[in-house]
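K.L.:
Here's a structure for you.
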Amino acid sequence: MAGEETPIAAMSFEAALAELEAVVTRLERSDVPLEESLSLFARGAALRDHCEEKLKAAEARVTEITQGLDGALRSRPVEIP
């Protein structure tokens with residue numbers, strides 16, 4: 001990837017996902033040199049892990065703030081597809 005890369009830890013979920021999609025697109029091309037492919041693969045794996053962490057944090061927040069029909073707040077797990 002050319003230029004300076006944004007530190008993954010500082011990226012929003014949306015930014016990390018967009019970059020991950022760009023990495024996958026580049027890896028799918030057959031004209032990317034091996035060393036660049038390895039670098040892209042490593043960045044893609046780190047981006048995937050970051051996105052998974054962000055999704056788990058969002059799931060935990062949803063679990064904490066689920067409200068029942070009577071208006072009382074309850075905690076219950078919510079599966080995010």
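K.L.:
Mind checking whether some residue in segment 2-23 is modelled with pLDDT of 95 or more, in a helix (DSSP H, G or I) and among the β-branched types (V, I, T)?
P.N.:
Yes, segment 2-23 has at least one match.
K.L.:
Turning to a different aspect of this structure: Filter segment 24-35 down to the residues that are surrounded by fewer than 13 Cβ atoms within 10 Å (Cβ to Cβ) and either of a type in the set (K, R) or part of a helix (DSSP H, G or I) (or both) and list them by number.
P.N.:
Of everything in segment 24-35, those that are surrounded by fewer than 13 Cβ atoms within 10 Å (Cβ to Cβ) and either of a type in the set (K, R) or part of a helix (DSSP H, G or I) (or both) turn out to be T25, E28, R29, L34, E35.
K.L.:
Identify all residues within segment 40-61 that are under 18 Å from A9 (Cα atoms) and open to solvent by 70 Å² or more (accessible area, probe 1.4 Å); write none if there are none.
P.N.:
Those that are under 18 Å from A9 (Cα atoms) and open to solvent by 70 Å² or more (accessible area, probe 1.4 Å): F41, R48, E52, E53, K54, L55, K56.
The values are calculated or read from the model by the stated rules, or taken from the named source; none is laboratory data. Small disclaimer: the values here were computed from a predicted structure and weren't measured. A quick note on method: Cβ atoms are made from the backbone with ideal geometry, for glycine too, and the neighbour counts reach across all protein chains shown. Calculation scope for accessible area: heavy atoms of the full protein, side chains included, ligands and nucleic acids excluded. Shrake-Rupley method; radii C 1.70, N 1.55, O 1.52, S 1.80 Å.
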